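A.B. asks: Once you've had a glance at the structure underneath, I'll fire off some questions.
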Amino acid sequence: MKSKKPRLSSIEKAKNRPSILDLKKSVWTEFTLFIKARDNNICFTCGKPGNQGGHYISSKYNNTLFDERNVNCQCVHCNIFLKGNLSIYAIKLIEKYGAGILQELHEAHKIGKKFSHYELIGMRAYYKQETKKLKEDL
């Protein structure tokens, strides 16, 4: 006779799943790997080898946290020591995406955004897959 698996209550389910913060961190890990692969590990602002994902608009805003236009590969010097090297970053964004990009990003960060567990899990899988594709194409 087949035994039934006991059902978990919604409280027990919630205890067993990772927090939104933990999921955002895991998405960031995959997203950064994607950004670095997309940009061939070249710093967006100075052209030297880069190993970080650097934001134009601060990463504290959810709406621009994983915006592929807002995040580009950066070296430690530009991202950390020059605090993003934002004047050069802005020029490069305009060159890459056109004159309206800065306003688009500034407007986007004003809109509140809350991620769901499912959305973050999907994003993590998506960026893992996209990174794999980019690496296979090399």
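The values are calculated or read from the model by the stated rules, or taken from the named source; none is laboratory data. Computed from a predicted model, the values in this text were never measured in an experiment. Heads up, the Cβs are rebuilt from the backbone with ideal geometry, glycines too, and the neighbour counts pull from every protein chain shown.
A.B. asks: I need a count of the residues in segment 94-106 that are more than 15 Å from S58 (Cβ to Cβ) and surrounded by 12 or more Cβ atoms within 10 Å (Cβ to Cβ). Show your work before the answer.
C.D. replies: At the first step, the residues of segment 94-106 found to be more than 15 Å from S58 (Cβ to Cβ) are 94-101, 103-104.
Next, from what is left, pick out any that are surrounded by 12 or more Cβ atoms within 10 Å (Cβ to Cβ): 94, 97, 101, 104.
Number of matching residues: 4.
A.B. asks: Working only within segment 33-58, note down all residues that are touching a Phe, Trp or Tyr at 6+ places or on another chain (Cβ under 6 Å) and within 20 Å of R124 (Cα to Cα). Break it down into steps so the answer makes sense when it comes.
C.D. replies: Going residue by residue through segment 33-58, those that are touching a Phe, Trp or Tyr at 6+ places or on another chain (Cβ under 6 Å) are 34, 45, 56.
Matches in segment 33-58: F34 only.
A.B. asks: Continuing with the same structure: For K128, indicate whether it is surrounded by 13 or more Cβ atoms within 10 Å (Cβ to Cβ), within 17 Å of the chain's Cα centre (by Cα) and either more than 23 Å from I20 (Cα to Cα) or not small (G, A, S) (or both). First the steps, then the outcome.
C.D. replies: Details: surrounded by 13 or more Cβ atoms within 10 Å (Cβ to Cβ): yes; within 17 Å of the chain's Cα centre (by Cα): yes; either more than 23 Å from I20 (Cα to Cα) or not small (G, A, S) (or both): yes.
For K128, the condition - surrounded by 13 or more Cβ atoms within 10 Å (Cβ to Cβ), within 17 Å of the chain's Cα centre (by Cα) and either more than 23 Å from I20 (Cα to Cα) or not small (G, A, S) (or both) - is met.
A.B. asks: Scan K25, K48, K15 and give me the residue that is surrounded by fewer than 19 Cβ atoms within 10 Å (Cβ to Cβ), at pLDDT below 95 and of a type in the set (K, R). Even if it seems obvious, please write down each step before you answer.
C.D. replies: Values: K25 fails: at pLDDT below 95; K48 fails: at pLDDT below 95.
Going through K25, K48, K15 in turn, just one is surrounded by fewer than 19 Cβ atoms within 10 Å (Cβ to Cβ), at pLDDT below 95 and of a type in the set (K, R): K15.
A.B. asks: Which of the residues that make up segment 102-126 are of a type in the set (A, V, I, L, M, F, W, C) and closer than 24 Å to E30 by Cβ?
C.D. replies: At the first step, the residues of segment 102-126 found to be of a type in the set (A, V, I, L, M, F, W, C) are 102, 105, 108, 111, 115, 120-121, 123, 125.
Answer for segment 102-126, where residues must be of a type in the set (A, V, I, L, M, F, W, C) and closer than 24 Å to E30 by Cβ: L105, A108, I111, F115, L120, I121, M123, A125.
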